[in-house]
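The values are calculated or read from the model by the stated rules, or taken from the named source; none is laboratory data. Because the structure is predicted, anything quoted here is derived from the model rather than measured. A quick note on method: Cβ atoms are made from the backbone with ideal geometry, for glycine too, and the neighbour counts reach across all protein chains shown. Each accessible area value is taken on the protein alone, full model and side chains, heavy atoms only, with ligands, DNA and RNA left out. Shrake-Rupley method; radii C 1.70, N 1.55, O 1.52, S 1.80 Å.
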Amino acid sequence: MARFLKRGMDASAIKAADAQVRSTVEGILAQVEERKDVAIRELSKKFDNWEPKDFRLTPAEIEKAISQVSKRDLDDIKFAQAQVRNFAQKQKDTMKDLEVETQPGVILGHRHIPVNAIGCYVPGGRYPMVASAHMSIVTARVAGVKRIIACAPPFKGGPHPAIVAAMHFGGADEIYVLGGVQAVAAMALGTETIAPVDMIVGPGNAYVAEAKRQLFGRVGIDLLAGPTETLVIADDTVDGEICATDLLGQAEHGPTSPAVLLTNSEKLARDTMSEIERLLKILPTADAAGKAWADFGEVIVCDSEDEMVQEADRIASEHVQVMTRDPDHFLNNMKNYGSLFLGPRTNVAYGDKVIGTNHTLPTKKAARYTGGLWVGKFLKTCTYQKVMTDQASAMIGEYCSRLCMLEGFSAHAEQANVRVRRYGGRNVPYAQAAE
C-alpha cells in the first residue's frame, strides 16, 4: 500500500485562491471587450508599467532586438527550433487525408485543415520563457496556419531580445510587447489595432490560464496549462542527488509547482529528501523551489512497480521522469501523463527547452483526457461525403428514412424520401418512412 512520507498543501486552500483569480480575470476581460485599445493601454500601464506608442513591434524594432542577442544564443535558439520543427513535421506526416468507398457509390473522407489565425502567448514574468515561442509558433507554422501573432510581456522596460528573436525566427507574422490577461483578451476578442484570432495557445500564470478557460468557446485553446508539475518515478538504480535535482529543476518554475517522488525504495526516498534540503541551501532559485517543495512537494513509497504505475496514473502528472531498471514498463503500462522522460540520461529540462517534443502539456489531472500541444492541435479534421450513383442514394435513403421516423423527425425523413422517389423510382408518401 502506498505510504506518504510527505504531503502537499490542503486542497481547500488551493480552491480559495482559484476563486480570487476567476473574479479578477472576469473583470479584465469585460474591460477589454468594452473599451478595447483604451483598456489594453490602461491595464498594461497598471500591471507592467508599459505604455508604448504602439504595442506591435516594427521590423526595425525587431531587428534592433535581435541585434542585442549574442551569436551563440541565436545559434542555440535556431538549433532548438530545428528540433521542434523536425518533430512537428514528422508528426504531421502521420496525419493523412482520407477518402474511402464504404458502400458501392458511397464516398466518405476527411481533410486536415489548418486553423486560420492563432495567438501565441509567451510568458515572461518570473522567467522569460524563450522556449515557449518555439513550441507554439514553430509548431503552428508547420501545421500551415496562415496568420500567427505572438505576445510577450515587457522585460526590464522593453521587449525581451531573445524572446523577440525566437518569435521572429519561429515565423510569427505580428509581434506584440504585451503581457498577462490583457494580451490574451486582445488576441481573442480583438481591438481597434489587433485583429482577433481563432485560437489561443501557450502557457502562462494562473491568470492567463483562467483567461483561456473563460474565453474557450469564443475561441479555441490548446489546453489549460496550470503551474508546472513533475513526477519522478525511481528505484534503487539511481541515487538521491539525481532525484532531488530533477524535482527541484521543475519546482523552481514557481511556488505553486507540485513536485512528487514516487519510489519503491524508502532509503531512496529519505536520501532524496535530505538532498533536497542540501541543494536548497545553494540553489539560486531556492526561494521559488523551496516554497513549492514545502507546500506542494510529496514523497510516496510503494510496494511494487505495479503499485507505482497505479499511483502515477492517479496523479496524472504533466511531466513524468522515470529512472528505474525497466523504464519501458511504465511506457507500456501508464495511461495518464503529459510526457514521459525515460531513463536517467534524459530529463524534463531537455523536453522543456530543446529536444523537440512540445513542452505545453496538460496539468491538474487533465492528462486523464488530453495530451499536450502538438501539430495536430492546429489542424481541424473535417469530414465530407459524396453519393455517386442513383442506386446508392436510394439504398441509403431507405435506411435513413426509417431511422428518422423512428426518432420522430419527419422532415429529416423527407430529405431521404425525395431521393428515394427521384433516384429509386419508388413513390414514398410525404412524411412516411420508406419501407
Check on M95, of a type in the set (A, V, I, L, M), touching a helix residue (DSSP H, G or I) at 6+ places or on another chain (Cβ under 9 Å) and open to solvent by 30 Å² or more (accessible area, probe 1.4 Å):
yes
How many residues are open to solvent by 70 Å² or more (accessible area, probe 1.4 Å), within 30 Å of N86 (Cα to Cα) and not in a loop (DSSP other than H, G, I, E, B) if we restrict to the range 366-423?
4
If you take the residues in the range 125-151 that are open to solvent by 20 Å² or more (accessible area, probe 1.4 Å) and assigned to a loop (DSSP other than H, G, I, E, B), which one is farthest from Y350 (Cα to Cα)?
K146
With respect to V106, is the statement that it is within 25 Å of A185 (Cβ to Cβ) and touching a residue at least 12 places away in the same chain (Cβ under 8 Å) true?
no
Collect the residues in the range 205-236 that are over 14 Å from K365 (Cβ atoms) and open to solvent by 40 Å² or more (accessible area, probe 1.4 Å), keeping them in residue-number order.
N205, A206, Y207, R213, Q214, F216, G217, R218, D236
Determine whether F47 is open to solvent by 90 Å² or more (accessible area, probe 1.4 Å), part of a helix (DSSP H, G or I) and under 13 Å from P154 (Cβ atoms).
yes
So which residues in the range 311-336 are in contact (Cβ under 8 Å) with a residue 60 or more places away in the chain and either open to solvent by 30 Å² or more (accessible area, probe 1.4 Å) or under 23 Å from D271 (Cβ atoms) (or both), if there are any at all?
E311, A312, I315, S317, H319, V320, Q321, V322, M323, T324, R325, F330
Does the range 179-192 contain at least one residue that is open to solvent by 10 Å² or more (accessible area, probe 1.4 Å) and not in a helix (DSSP H, G or I)?
yes
What residue, of L340, L331, is of a type in the set (A, V, I, L, M, F, W, C), closer than 27 Å to S132 by Cβ and in a strand (DSSP E or B)?
L340
Checklist (1) in contact with a Gly (Cβ under 8 Å, 6 or more places away or on another chain); (2) in a loop (DSSP other than H, G, I, E, B); (3) buried (at least 24 other Cβ atoms within 10 Å of the Cβ); (4) of a type outside the set (D, E, K, R) applied to P154, failing item
(3)
List the residue pairs whose Cβ atoms are under 7 Å apart, where the first residue sits in the range 76-87 and is among the polar types (S, T, N, Q), the second is assigned to a helix (DSSP H, G or I) and surrounded by fewer than 20 Cβ atoms within 10 Å (Cβ to Cβ), and the two are 6 or more positions apart or on different chains.
Q81/F169
List every residue pair whose Cβ atoms sit under 6 Å apart, with the two residues 6 or more apart in sequence or on different chains, where the first one lies in the range 34-62 and is touching a residue at least 40 places away in the same chain (Cβ under 8 Å) and within 14 Å of Q182 (Cβ to Cβ) and the second, anywhere, is surrounded by 12 or more Cβ atoms within 10 Å (Cβ to Cβ) and basic (K, R).
none
Qualifying positions in the range 280-290 - surrounded by fewer than 17 Cβ atoms within 10 Å (Cβ to Cβ) and part of a helix (DSSP H, G or I)
A286, D287
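If the requirement is being touching a Gly at 6+ places or on another chain (Cβ under 7 Å) and either under 16 Å from Q81 (Cβ atoms) or not in a helix (DSSP H, G or I) (or both), which of these qualifies: I175, I163? So that I can check it myself, show each step before the final result.
Details: I175 fails: touching a Gly at 6+ places or on another chain (Cβ under 7 Å).
Residue meeting the stated conditions: I163.
Has the range 315-325 got any residue that is modelled with pLDDT of 95 or more and at positive phi?
In the first step, residues of the range 315-325 are kept if they are modelled with pLDDT of 95 or more; the result is 315-325.
Next cut, at positive phi only: 316.
Yes, there is a match, as at least one residue in the range 315-325 is modelled with pLDDT of 95 or more and at positive phi.
Let me confirm something: among T357, T363, which residue is surrounded by 19 or more Cβ atoms within 10 Å (Cβ to Cβ) and modelled with pLDDT under 95? Give the steps one after another, and end with the answer.
Working: T357 fails: modelled with pLDDT under 95.
None of the others qualify; the one that does is T363.
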Picked from the range 161-175 (must be in contact with a helix residue (DSSP H, G or I) (Cβ under 8 Å, 6 or more places away or on another chain) and open to solvent by 10 Å² or more (accessible area, probe 1.4 Å)), the residue nearest to R22 (Cα to Cα) is A172
Search the range 60-92 for residues being open to solvent by less than 50 Å² (accessible area, probe 1.4 Å) and over 14 Å from M167 (Cβ atoms), and hand back the single one that is farthest from the chain's Cα centre (by Cα).
A82
Taking the range 212-259 and keeping residues β-branched (V, I, T) and in a helix (DSSP H, G or I) leaves I242, T245
Only one of A39, A2, A19 is closer than 25 Å to A206 by Cα, open to solvent by less than 80 Å² (accessible area, probe 1.4 Å), among the hydrophobic types (A, V, I, L, M, F, W, C) and at pLDDT below 95. Can you tell me which?
A19
